[in-house]
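Everything below concerns the one structure shown next.
The values are calculated or read from the model by the stated rules, or taken from the named source; none is laboratory data. Everything numeric here is computed off the predicted structure, so don't read it as measured data. Cβ placement follows ideal geometry from the backbone for every residue including glycine, while neighbour counts extend to all protein chains displayed.
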Amino acid sequence: MNIFNEKLKEVFFAILPITIIVIILRLTLVPLDNHLVGMFLAGSVFILFGLTFFLIGVDLGIAPLGSLLSSVITKKNKLWLVIAAAFILGFIISIAEPGLLILGNQIDALTAGVISSFTILAVVSLGIGIFMILGFFRLIYNIPLHIILLGSYGVIFILGIFTSPEFLAIAFDSSGSTTGVLAVPFILSLSLGITAMKKDSKASEKDSFGLVAIVSVGAVISVMILSLFTEVQEFAAVEMAEADVGDSIFRSFINAIPGAFLESIFVFVPLVAIFFLVRFTWPIKKEVLRKMTFGFIYSLIGLSLFLVGVNTGFMAVGSEIGAYLVGLDTYAYLILIGFILGVATILAEPAVYVLIHQIEDVTSGYVKKNIVLGALALGVGLAISLSLLRIVVEGIQLWHYLLIGYGVAMGLTFITPKLFVGIAFDAGGVATGPMTATFILAFINGAAYNHPTADVLVDGFGMIAMVALMPIITLQILGTIFKLKTVKKGVGGSGKA
């Protein structure tokens, strides 16, 4: 019961800022329909309990499965097993990620099914699986992370020349969405399990970060390759669906449960199959097995409730607010509220606090957690404001931001302590949490759809990519500052960093 209260508190404070902002906007600036507000509040309750159960399930069942699998893989010491396991696990864990599922559904709806949710899930998961193999090889053979990242982003740069603006935004958003509340704990547990087997403790510490960064590159490249085989002129954005105000709030949510449950079962079947395979081929203590079984049940229930809450009212309000603000005489309100939403979601994201405590510990207190938190919050707020600026100002394109941003990020890898490089590139998954992939995504889509010169498929996506980029730059800068401080104090910049 203690873990339930702990997770419930975490999720409550993650949702609370968004809820407060919506209520304030309803009372001051945006005339939201009372029925829609009621749907939003009811959806928030579903998300509250859904994410709580889901996160409990991740802790009890899915993360331990990742640790167990890494142990099995390394003890077998067979190259073919490493390759097969890396691909299968990468594919399966990606296809079950809630953030990617939400993004896929949004793309499906806006393209009238021409780019289906299943296509996005399958293609992105394929890319994740392939790059999981690369990540495993790096862990086993101590390949420097910055070398892999430079090569991978070089490929992205070349593919970007031939990628349409629609697919460029979708590709980078897919990368940010797939490294969420399910994938990150699972991938980190795999990474830590493999690096723990190494004899070199310093190498293990540096190598334990970076796997999330590598697999997220696979998502970008896979969608870019998909774009080469998809005719852009075949699809155009369709009218955004409006919330159904005909049914009662109770009936709307009841009607949404069967579909959400079936969707959850679909994405969980492969993961459950891996669980049963391990269960019958590897000795597991009964107590551990019981916890893992309950973990999978909690995750399935939680994902179902989460999808019901997101699809029934919660995202509709985000879209409605974005649509209304973009229609005002000044865009200042739109950009300011976007900034506030970005800051609020980061300050309320539990995973961020885990990250900043980790950084403070690694640097022995030289890099204070409040400085890291402030830098991340400002960075994400700026990312969302820049995404909105791209909607309202003709001529600004996503690749302008990404080319400069990743150019800076790649340049910093040469001067930033290697431990911070891994932490920084992994941190994108921390910033792109459930609220970013749901409410803020809908907010951006609503603004893009209702702006007279914007294209929702081009300008309505790319925000998640920007949010994922900011921590990479921010944390590398902080790592470089830490390096300079330690050298000045005579501590030495080559130790843990």
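Of note:
- Screening segment 244-274 for residues that are in contact with a helix residue (DSSP H, G or I) (Cβ under 6 Å, 6 or more places away or on another chain), more than 21 Å from Phe118 (Cα to Cα) and in a helix (DSSP H, G or I) and picking the one that is modelled with the highest pLDDT gives Phe253.
- Among the candidates Gly99, Gly135, Gly160, the residue that is of a type outside the set (A, V, I, L, M, F, W, C) and modelled with pLDDT of 90 or more is uniquely Gly160.
- Residue that is under 18 Å from the mean Cα position of the chain (by Cα) and part of a helix (DSSP H, G or I), where the choices are Leu25, Leu55, Leu60, Leu65: Leu55
- Any chance Gly66 is in contact with a Gly (Cβ under 6 Å, 6 or more places away or on another chain) and not hydrophobic (A, V, I, L, M, F, W, C): no
- Close pairs from segment 1-23: first within 12 Å of Ile47 (Cβ to Cβ) and free of Cβ contacts under 8 Å to residues at least 40 places away in the same chain, partner hydroxyl-bearing (Ser, Thr, Tyr) and crowded, with 17+ Cβ neighbours inside 10 Å, Cβ under 8 Å, at least 6 apart: Thr19/Ser44
- Residue-level analysis places Thr438 outside the set of residues that are in contact with a His (Cβ under 8 Å, 6 or more places away or on another chain), of a type outside the set (A, V, I, L, M), surrounded by 20 or more Cβ atoms within 10 Å (Cβ to Cβ) and at pLDDT 80 or above.
- Residues being within 19 Å of Phe172 (Cβ to Cβ) and out of contact with any helix residue (DSSP H, G or I) (no Cβ under 8 Å at 6 or more places or on another chain) - total across segment 110-156: 2
- Scanning segment 249-261 for residues that are of a type outside the set (Val, Ile, Thr) and either more than 14 Å from Phe306 (Cα to Cα) or surrounded by fewer than 13 Cβ atoms within 10 Å (Cβ to Cβ) (or both) turns up Phe250, Arg251, Ser252, Asn255, Pro258.
- Qualifying residue in segment 447-456 (condition: within 19 Å of the chain's Cα centre (by Cα) and either touching a residue at least 40 places away in the same chain (Cβ under 8 Å) or over 12 Å from Leu110 (Cβ atoms) (or both)): no
- Given (1) in contact (Cβ under 8 Å) with a residue 24 or more places away in the chain; (2) part of a helix (DSSP H, G or I), number of the condition Val367 does not satisfy: (2)
- Inter-residue pairs, beta-carbon under 6 Å, first closer than 22 Å to Asn311 by Cβ and in segment 83-100, second in a loop (DSSP other than H, G, I, E, B) and not hydrophobic (A, V, I, L, M, F, W, C), 6+ apart: Glu97/Gly180; Gly99/Gly180
- All told, Gly113 meets the bar of being out of contact with any strand residue (DSSP E or B) (no Cβ under 6 Å at 6 or more places or on another chain), part of a loop (DSSP other than H, G, I, E, B) and surrounded by fewer than 21 Cβ atoms within 10 Å (Cβ to Cβ).
- For segment 402-424, residues that are part of a helix (DSSP H, G or I) and farther than 16 Å from Gly154 by Cα total 7.
- Output for segment 437-463, where each listed residue is farther than 13 Å from Ser319 by Cα and assigned to a helix (DSSP H, G or I): Leu457, Val458, Asp459, Met463
- If you filter segment 141-157 down to residues that are crowded, with 18+ Cβ neighbours inside 10 Å and of a type in the set (Val, Ile, Thr), you find that the one that is modelled with the highest pLDDT is Ile156.
- Any hit, segment 428-441, residues being of a type in the set (Gly, Ala, Ser) and free of Cβ contacts under 8 Å to residues at least 60 places away in the same chain: no
- Of all residues in segment 66-108 being hydrophobic (A, V, I, L, M, F, W, C) and surrounded by fewer than 17 Cβ atoms within 10 Å (Cβ to Cβ), the one that is farthest from Ile274 (Cα to Cα): Leu79
- Just one residue in the set Lys206, Lys199 is modelled with pLDDT under 85, more than 25 Å from Ala437 (Cβ to Cβ), crowded, with 22+ Cβ neighbours inside 10 Å and out of contact with any His (no Cβ under 9 Å at 6 or more places or on another chain); that residue is Lys206.
- In segment 262-314, of all residues being touching a residue at least 24 places away in the same chain (Cβ under 8 Å) and among the polar types (S, T, N, Q), the one that is surrounded by the fewest Cβ atoms within 10 Å (Cβ to Cβ) corresponds to Thr293.
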